[in-house]
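Scroll down for the structure; my scribbles are underneath it.
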Amino acid sequence: MNAVLDKLPRGARVCIVRLRSLGDCILTTPAIRILKNARPDLHIGVVVEPRFRDVFEGNPAVDQILVPEVGAVRGFKPELCINLHGGRRSARLTGLSGASWRAGFADFRFPFVYNVKIPTAQQILGVTRKVHTAEHLASAMFYLGVKRCDIPRAQLFADGGRSGAYAVLHPVASKPEKAWPAKSFLEVARHLKEDLRLEPVFVGGPGDNLSAFREFTVLQSAPLKPLLRDAALFVGNDSGPAHMAAAFGLPVVVVFGPSDPIVWAPWQTPAEVLAGNPISEVTPAQVTGALERLRVHA
């Protein structure tokens, strides 16, 4: 049986469903890039929630960004719809897409939606180990017919941001157990300023409490893409901004708590991952040592 991509005519429309969240959306971009490189004639649309639309804006591999509504997906008229999200909502969008080929991983719920069931990444890649999320998503493209290749770094696109030599620190996380202590971040920030001559810039979202870091520059709800594009390095918890920094190729130090670094480590960038259980076991000295190994300086 021929691969699905071999059955698509030139100029066919391919819809990729990737509703959320920040890190997952960023780690989908290598798979999209692989697909577009293999079939530049394809017209690729990405279905994503509006709050994560910015991840795909400016990406030359993405021809159209679609809101997650049945009308928008059907109006795109895809020949192939690939669900990389899973779950009820994405299954409904895929099932009602009107696409002749509806692909999703074989372990997704609502299997009746899919007439192309993608095996595990381990089966596709011929490995028994755990795989990184970027490998998992890219493996779907290999199964659909893209020739096996190296999986590239994630891609983000932005205009320039802040001037001067600075480091971005992201001290918040989605769960308390994933947040490294504020006092530890402060110690690292002082090292960055005094020893590496880098301005520490702390970032967070609109609901994050950044009051502990007011001795340094604090940017609340600032656009992160331009800020990260021109930064010297990133230090933070396991979170979406860490993947943004990796997508720009920054040296990255990430502190992990309960998440699995094998699955969620920064992808294809100079990086150091430090894990603790609990996360507070990771010391500031370990982080500054990681910065030295990465040879980061102003």
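The table that follows gives values for the structure above.
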{"item": "Residues (buried (at least 20 other Cβ atoms within 10 Å of the Cβ) and within 19 Å of L137 (Cα to Cα)) located in segment 53-75", "result": "V55, F56, V62"}
{"item": "Selection from segment 43-90 of residues that are free of Cβ contacts under 8 Å to residues at least 24 places away in the same chain and among the β-branched types (V, I, T)", "result": "I65, V67"}
{"item": "Qualifying residue in segment 106-114 (condition: of a type in the set (V, I, T) and closer than 14 Å to V4 by Cβ)", "result": "no"}
{"item": "Matching residues in segment 105-134 - criterion: being within 17 Å of L84 (Cβ to Cβ), aliphatic (A, V, I, L, M) and without any contact (Cβ under 8 Å) to a residue 60 or more places away in the chain", "result": "A106, V113, I118, A121, I124, L125"}
{"item": "Helices (runs of 4 or more DSSP H) (entirely within segment 1-102) containing at least 1 residues that are under 20 Å from A247 (Cα atoms)", "result": "22-38"}
{"item": "Output for segment 167-214, where each listed residue is part of a loop (DSSP other than H, G, I, E, B), within 16 Å of A245 (Cβ to Cβ), of a type in the set (A, V, I, L, M, F, W, C) and modelled with pLDDT of 95 or more", "result": "V172, W180, L198"}
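The values are calculated or read from the model by the stated rules, or taken from the named source; none is laboratory data. Keep in mind the model is a prediction, meaning the values are calculated, not measured. Here the Cβ is made from the backbone with ideal geometry for all residues, glycine too, and neighbour counts use every protein chain on show.
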